[in-house]
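One structure is given below, encoded as structure tokens.
The values are calculated or read from the model by the stated rules, or taken from the named source; none is laboratory data. All values reported here derive from a predicted model rather than from experimental measurement. FYI the Cβ positions are ideal-geometry reconstructions off the backbone, even for glycines, and counts take in every protein chain you see. Areas reflect the complete protein model, heavy atoms only, side chains present, ligands, DNA and RNA absent. Shrake-Rupley method; radii C 1.70, N 1.55, O 1.52, S 1.80 Å.
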Amino acid sequence: MEFNEDDHYLLLSGIQHFQFCKRQWALIHIEQQWEENARTIEGVHLHRKADQPFAREKRRDKLIVRAMPVKSENLKITGVCDVVEFVKSDNGVEINRAEGKYAVYPIEYKRGKPKSGEEDVVQLVAQAVCLEEMLLCDIDLGYIYYDEIKHRVEVFP
């Protein structure tokens, strides 16, 4: 059996689950207890477009990357960003196979509406930390897109 060091990393999705409910996190991530229901199926449908690994789309001064794998060696966390927008900026970073410099904005997709707790924000901040480490940049803005309200909410990680 081959050892995969990523097996010992925390999953980004697990950070949101842990913040929301520690018991839910344990059931899903330790006991591997997961059952599909109407809400999870809606979530799968919402993520269908975002979950296209390495799909890149160019719109004017914006490069959109979907299902971007990320990880932080320092924090031992790993996962997938639903969408990362790279917007041309003189203060940005260089991106492979793209001309110029780009500011980086992670976007997390959620099925419901904004919550009163910080569980969604914590997950987005963890994504930003991974991106900062991987791309050697600072990220001062991200978004959470809530399907129920059909709007994305600015978050300052």
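Tabulated data
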| read-out | value |
| --- | --- |
| Extension gain (nm, one decimal) between Lys115 and Asp90, 0.36 nm per residue minus Cα-Cα | 5.5 nm |
| Hz values of 3J(HN,Hα) by residue in region 107-123 - Karplus curve (6.51, -1.76, 1.60), Gly and Pro given as x | 10, 9, 9, 10, 5, x, 10, x, 9, 6, x, 9, 4, 6, 5, 4, 5 |
| Share of carbon and sulfur in the accessible heavy-atom surface of region 110-157 [1.4 Å probe, %] | 53 |
| Protection-proxy order for peptides 57-66, 120-129, each taking the mean of Cβ atoms within 10 Å per residue, highest first | 120-129, 57-66 |
| Set of lysines with alpha-carbon distance to Lys150 below 19 Å, sequence-local pairs under 8 removed | Lys49, Lys110, Lys113, Lys115 |
| Fully extended contour minus Cα-Cα distance, from Met134 to Glu73, at 0.36 nm per residue | 21.1 nm |
| Computed lengthening from Glu154 to Lys58, 0.36 nm per intervening residue step minus Cα-Cα distance | 32.4 nm |
| Other-chain or far-sequence residues with amide H under 5 Å of Tyr145's (modelled H) | Glu108, Tyr109, Lys110, Val153 |
